[in-house]
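The values are calculated or read from the model by the stated rules, or taken from the named source; none is laboratory data. Model, not experiment: these values are computed from the prediction. As a convention, Cβ positions derive from the backbone with ideal geometry for all residues, glycine included, and neighbour counts pool all protein chains shown. These area figures cover heavy atoms from the full protein model, side chains too; ligands, DNA and RNA do not enter into them. Shrake-Rupley method; radii C 1.70, N 1.55, O 1.52, S 1.80 Å.
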Amino acid sequence: MLKLLLASVLLSASLLAGEISVAVAANLSDAVESLKTEFAKTNPNTKVNTILGASGKFTTQIKSGAPFDIFLSADMKFPESLYEDGIAVTKPVVYASGALAMVSTKGLDLSKGIAVIADPKVEKVAIANPKTAPYGTASMEAFKNANILDKVEPKLVQGDSIGQALQFSLTAADVGFVNASAFYSDKMKEYKKGVQWVDVDPKLYKPIAQGIVLLKQAEKNAEAKAFYDFVLSAKAKAIFKNYGYVVNE
């Protein structure tokens, strides 16, 4: 009898359990793990599978039929495109705004600001691909507004995503432009603000408003809707703030 009862409980649990697939902009690599941990406290039977990448590439994949339930983009442009095409069933909403940071492990004097990359001694400048990654777009905008684009463009080394740009920034490049949120994770605490990295003057680029949409394949998926709602909740906003993002209270 006990075995039958146990089997029944396990069967019920398996029926309640489900998986959702979430396309996540690479700048959220650390924050999304904290989001999943917090979400699991109230939704222990839902497995949240997250795939990291560049927002532009995800948009192309989703339009080609990639089976994602939710899209956490690094900007609003791409989810708005999906909504206009009827592929997203919720209007894009800003969940947080990101900031651009300049980082160097080569001992550069970052107190000089963005102008330091125009120095002839700086040979390689890492950014994310501006065609597919919003932080790359913001970097190019900052160069242009600082009147140094012509001097910097020949030095650019592009990563496919902001994650790859960060890798280049910390290894092969003299300096890189990445998401400031990267330096709020425990694994990046060795890089000190004001020494190895600084915020880029926010006046040089438009705010990086990051948007979320629920996609058509998840229109009737209660678990996907639960995670979507959680990302916009007060608990999630607190997590985003802890990773250096700006959120609307």
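Under a crude label model (7 Å from the Cα following the beta-carbon direction), how far is LYS189 from LYS220 in nanometres?
Rounded to a tenth, the inter-label distance reads 4.8 nm.
Is there a quick way to get the dipole size of the range 18-165? I mean about its Cα centre, with the Cβ of Lys and Arg at +1 and of Asp and Glu at -1; what is the value in debye to the nearest 20?
With Lys and Arg at +1 and Asp and Glu at -1, about 220 debye.
Ignoring ligands, DNA and RNA, what accessible area per residue does the chain give at 1.4 Å, in Å²? Write out the running numbers ahead of the final one.
Working: 12490 Å² over 249 residues.
It amounts to 50 Å² per residue over the chain.
Relative contact order of the chain, please, whole-number percent, based on alpha carbon pairs below 8 angstrom and at least 6 residues apart.
28 percent
Over the range 83-226, with every protein chain in place, what whole percent of the accessible area is carbon and sulfur at 1.4 Å, could you tell me?
The value for the range 83-226 is 51 percent carbon and sulfur by accessible area.
Picking from ALA126, LEU72, PHE143, whose Cα lies most toward the positive end of the charge dipole for the chain (charges on Cβ: Lys, Arg +1; Asp, Glu -1)?
Sorting the options by dipole projection puts first LEU72.
Which value in nm describes the separation of the simple spin-label points at LYS63 and GLU33, placed 7 Å from the Cα toward the beta carbon?
Going from the LYS63 label point to the GLU33 one covers 3.3 nm.
Evaluate the distance, in nm, between pseudo-label points positioned 7 Å from the Cα of LYS106 and of SER233 along their respective Cα→Cβ axes.
4.5 nm
Using the crude model of +1 on Lys and Arg Cβ and -1 on Asp and Glu Cβ, and no other charge, please compute the dipole size for the chain relative to its Cα centre, in debye to 20.
Computed charge dipole of the chain: roughly 240 debye.
What whole number of Å gives the distance from the Cα centroid of the range 94-120 to the Cα centroid of the range 173-249?
Taking the Cα centre of the range 94-120 as reference, the centre of the range 173-249 is 18 Å away.
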